[in-house]
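Enquirer: Sending over a structure as structure tokens; questions will come in a sec.
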Amino acid sequence: MFSAKAIGFQALGLALAMSLGLAFQAQAADVKAGQLKAGMCVTCHGAYGYSTMPNAPHLAGQPAIYIEEQLKQYRSGKRVNAVMAVMAKPLTDAEIENLAAWYASIPIEVGKPN
Ligand code: HEC
């Protein structure tokens with residue numbers, strides 16, 4: 001049983017959600033650009049974010065928000081690592097968002113331990 005008023009609010013909510021959705025889409029990160037930029041990360045983090053160096057973490061499938069935050073922290077010096085500081089310093093916010101979107105887009109599968 002919905003009153004006309006409740007339905008009105010629902011419609012408003014839907015319209016708001018849709019316009020927010022569009023706003024997010026308009027500035028959606030560019031996965032392809034991220035993949036291109038990730039060329040400079042391949043040596044350590046692997047071609048698809050599966051690291052080839054034992055001390056470099058895998059990035060495939062990590063949530064974009066996490067990768068983005070770590071890169072910004074390396075860039076600002078809040079998270080300290082000599083190598084990653086050098087890598088993150090020249091990155092713009094947009095490049096970081098694209099890199100994060102690229103690594104987040106790579107599907108990963110987890111198996112049962114042996
Ligand atoms: C020379 C090797 C090397 C290169 C090149 C490199 N990284 Fe890293 N990366 C590392 C290492 C080592 C760590 C772990 C650092 C630490 O202990 O904080 C790391 C950590 C990270 C993390 C944190 C992951 C986590 O689980 O917290 C992110 C995100 C990351 N790198 C992204 C990148 C991106 C994006 C690039 C390319 C622009 C890049 N890295 C290039 C070696 C590298």
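Enquirer: Which residues, taken from segment 38-60, are surrounded by fewer than 17 Cβ atoms within 10 Å (Cβ to Cβ) and under 14 Å from residue 98 (Cα atoms)?
Expert: Of everything in segment 38-60, those that are surrounded by fewer than 17 Cβ atoms within 10 Å (Cβ to Cβ) and under 14 Å from residue 98 (Cα atoms) turn out to be 39, 40.
Enquirer: Mind checking which residues of segment 39-61 are closer than 17 Å to residue 95 by Cβ and within 8 Å of the ligand (Cβ to nearest atom)?
Expert: Selection gives 40, 41, 42, 45, 59.
Enquirer: Restricting to segment 30-51, name every residue that is within 19 Å of residue 68 (Cβ to Cβ) and either hydroxyl-bearing (Ser, Thr, Tyr) or modelled with pLDDT under 95 (or both).
Expert: Selection gives 48, 51.
Enquirer: Moving on. Could you identify the single residue in 99, 91 that is modelled with pLDDT of 95 or more, within 9 Å of the ligand (Cβ to nearest atom) and in contact with a Cys (Cβ under 8 Å, 6 or more places away or on another chain)?
Expert: Being modelled with pLDDT of 95 or more, within 9 Å of the ligand (Cβ to nearest atom) and in contact with a Cys (Cβ under 8 Å, 6 or more places away or on another chain) holds for just one of 99, 91, which is 99.
Enquirer: Could you run through segment 64-88 and say how many residues are out of contact with any helix residue (DSSP H, G or I) (no Cβ under 6 Å at 6 or more places or on another chain) and assigned to a loop (DSSP other than H, G, I, E, B)?
Expert: 4
Enquirer: I've got another one for you. Which one is nearest to the chain's Cα centre (by Cα) among residues in segment 62-83 that are near the ligand (Cβ under 7 Å from one of its atoms) and among the hydrophobic types (A, V, I, L, M, F, W, C)?
Expert: Top of the filtered list is 67.
Enquirer: Give the residues of segment 65-108 that are basic (Lys, Arg) and over 13 Å from residue 40 (Cβ atoms), sorted by residue number.
Expert: Once the filter is applied, which keeps residues that are basic (Lys, Arg) and over 13 Å from residue 40 (Cβ atoms), segment 65-108 yields 72, 75, 78, 79.
The values are calculated or read from the model by the stated rules, or taken from the named source; none is laboratory data. Because the structure is predicted, anything quoted here is derived from the model rather than measured. All Cβ positions, even for glycine, are placed from backbone atoms using ideal geometry, and neighbour counts span all protein chains on display.
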